[in-house]
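First comes the structure, then the notes that go with it.
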Amino acid sequence: MTMPPTLEGTCKLLPAPAPGSDVFAAVASEYAALADEYGPRNVLVLKRHPTGLESLTEALADADLARADGGPRSPRIESLPEHASKTIEEYDPTLDRLEYEERIELISLVIDGASRSVPDYLERAAAHESFTRDVGQLLLAATRQRLRLDDLDDPHDCLAFLYAMNDRFHAELDDRGYVERADVIPQAVDLLEADADGLRTRVTASFDAILAVEFEEYRQLDRRYLAALTRDAELVCLGERHVSVERTRVEPGSVDEIAAAAGLTVESLEPETVRTTDARPPHQSIVRFLATGEPPEQPTTADSDPRGCARRIRTETAREQVRAVATEIQSLRDRHGWSYDAFAVAAPRIERVPEIRRRLRDAGVPTATIGTPSLAEDPAVNELYAVVTCQCERDRDGDSLERLASATTQGASDPRAASIDRLRARVPDFSPALLADTAGASVRRPLERWIRRTDLKDRIAREEEWVDAREQYEGIRRVLEIADFVEETDLVGPDWQGLRRMLRRTIRYDAPYVHAVETRPPTGGVTVCAIDDLKYDSRNAVFLLDLIDETYPGEQFLTQLFPQAWLRQMTAYPAVTDPSLEAITDTFATVDTADVGDPFETYHAQRSRRQLALGARAAERALYCCSYERGAGGLRRSYDESRYLQLIDATPGLTLADVDASAGVAIHGETNALEALLAQPRGELERVLRKASTGGEADLGETEALFEEIAVVLEEGDVDADLADAVRSQFEFAAGEVVRDD
């Protein structure tokens, strides 16, 4: 078990979540005071998470922090994991950090070679698509908290097996001279506390003070790292009350309690607002209510502004939700002249980002990249994987590719034939001879020759949008790095078979957007991200998507790997699973003891509520709460809006103004226009049937007029023949003349 850290210094806490500009102003003010005393190069700013580091750096750089002598301050800002990584490199420059792809391969080999019997439950669960990813996330969390099997008392059989595999995995890492990214902070803590080879003295010699930003998210090992760094330096911690989401996943308690228990002197800090009262966000009371449960102050006069208004978009489907967001973005641009990078669209989880980005861009809205999608979705990666598959076949049988390429019929499930078809579709004038010309003794150099000979990067640049091209270039780089690893490691054979095995496993288990690229490309674009990424960011308008009760708070917390009933009993699970009533009320001001039913569900539902608060506070001018109906079979649909939106709606002084997502709005983007046209026949049928099912009267005159207008366009307009046929087929489906047997 880890020892509780002892810190000497001050912890200054901001009250309920303030606008991002106010938070940045508070950080700038604290930094200025330390820089005046110690000099800017002697002050280290540490932020707990890398997300939002760019925005914080820009805020400090733009702040009026000119020295008394007129010189620039040039702040030193790093994330805690980045600084810990440099600390380890200072101790041992030869130590290699295990890359994401390498980790997948090594831990898979460890599990495959396990001598312990696999519990029956895990044997059955392994058939689920998300199993490997869920296991990987659990082991990462256990590593970050340094949970070892030998330190646990009577853990659940499944956890005992997984922790044993994790311990064996890290023993393999030690033998091979690797360090896993999740293990960087734990290892750095050990090295600093032991002052191995005078490491602490060397690392701390370059600063006299540390400003620890985002202190509410510092976990126990993070605080130990701070304690080791600041034995001879001044420490000022800056945090916010009622905003911790990540730390409270694994550690209950308010930031006040955490700071006081660590030995810090706690001070309340009022934000130094950079706005006039009239310029404050109109939804500020909603942010405060979500975070603290405090209702807005009632206006004393009829003209008083309660600062409790947000906008609400309701649609029938998730697809229409994104289309309505695209329309509203274009409308705001027309009205206010805002650039695209003044907008952010927040999904509840990172897996939703690729689809949302694609639909926005189909609607004519450019988007900014925040990382690379999973390798399975990358066309360039799939092309290179096809090359690797074909080279494997060439090694096995030099003439088989020519036979496959000339065959008139090929098995649909044959990966060799599928690879040849993919290369034919992607590469002009492809032939098996091209594979022979680019082959070689190694694996990386032939891939590089293929990239050059087929102009892969030029093809990407010509055919893809800038954002897609940037991501595909990153995918190519990752494949080449995997090829390097294959040539250097003894985990797999240094040949095409070894590369294909590792690529196949990586593509299968790779999670989308785990690799950061950049948040604001030069071309500009709407940021699409997970809601957690907005904590240290701010945009003119923010759209919070999928605000249904199934998502906020949701029905399944922490993991899909185990049943919720099991989690409540798993005290060794690396998260809060059995919180006491006192822990719940101490952690969340929004909870009353009398309202707690299931402690586990209540605790993690409140974390979800805080996520909404942090996403909402990122909006500087306009906040949009977006939701959609859930299908229940046939034409029946239910509207299951998040309980937190319902609570806002029922609170005096707080208002959700509905935005008309359909009537009278312009349609932007060719894809949206086509979808809108094709959806008309079925949409009208659903409208008429809904009216009839509720005893209402549908105006068929409107339907007839609409259909006549479409018919005129099809007959007299300059419409593509295939599109006209598609529209007519929709009328046939709606009329029941065509039935498709799926």
Reported set for the stretch 474-484 where residues are in contact with a helix residue (DSSP H, G or I) (Cβ under 9 Å, 6 or more places away or on another chain), open to solvent by 10 Å² or more (accessible area, probe 1.4 Å) and in contact (Cβ under 8 Å) with a residue 60 or more places away in the chain is E481
Are any residues in the stretch 327-340 part of a helix (DSSP H, G or I) and either without any contact (Cβ under 8 Å) to a residue 24 or more places away in the chain or in contact with a Ser or Thr (Cβ under 7 Å, 6 or more places away or on another chain) (or both), and if so, which ones? R333, D334, R335
I'd like the residue in the stretch 419-433 that is surrounded by 18 or more Cβ atoms within 10 Å (Cβ to Cβ) and among the aliphatic types (A, V, I, L, M) and, out of all such residues, is farthest from W496 (Cα to Cα). V427
Answer yes or no as to whether A25 is open to solvent by 10 Å² or more (accessible area, probe 1.4 Å), within 27 Å of S285 (Cα to Cα) and assigned to a loop (DSSP other than H, G, I, E, B). no
Within the stretch 28-52, residues open to solvent by less than 10 Å² (accessible area, probe 1.4 Å) and either farther than 22 Å from F207 by Cα or under 26 Å from the mean Cα position of the chain (by Cα) (or both) come out as V45, L46, K47
Scanning for something open to solvent by less than 50 Å² (accessible area, probe 1.4 Å), in contact (Cβ under 8 Å) with a residue 12 or more places away in the chain, part of a loop (DSSP other than H, G, I, E, B) and of a type in the set (S, T, Y), does the stretch 195-217 turn up at least one residue? no
So is P574 in contact (Cβ under 8 Å) with a residue 12 or more places away in the chain, in contact with a Ser or Thr (Cβ under 8 Å, 6 or more places away or on another chain) and surrounded by 16 or more Cβ atoms within 10 Å (Cβ to Cβ) or not? no
For the stretch 99-114, which residues satisfy the criterion of being in a helix (DSSP H, G or I) and touching a residue at least 60 places away in the same chain (Cβ under 8 Å)? Y100, E101, E102, R103, I104, E105, L106, I107, S108, L109, V110
Only one of (1) modelled with pLDDT of 90 or more; (2) not in a helix (DSSP H, G or I) is not met by F430, so which one is it? (1)
Please specify each residue of the stretch 225-248 satisfying the condition of being among the basic types (K, R) and under 23 Å from the mean Cα position of the chain (by Cα). R247
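The values are calculated or read from the model by the stated rules, or taken from the named source; none is laboratory data. These numbers come from a predicted model, not from an experiment. We place every Cβ from the backbone using ideal geometry, glycine too, and count neighbours over all the protein chains shown. For accessibility, only protein heavy atoms count, side chains too; no ligands or nucleic acids. Shrake-Rupley method; radii C 1.70, N 1.55, O 1.52, S 1.80 Å.
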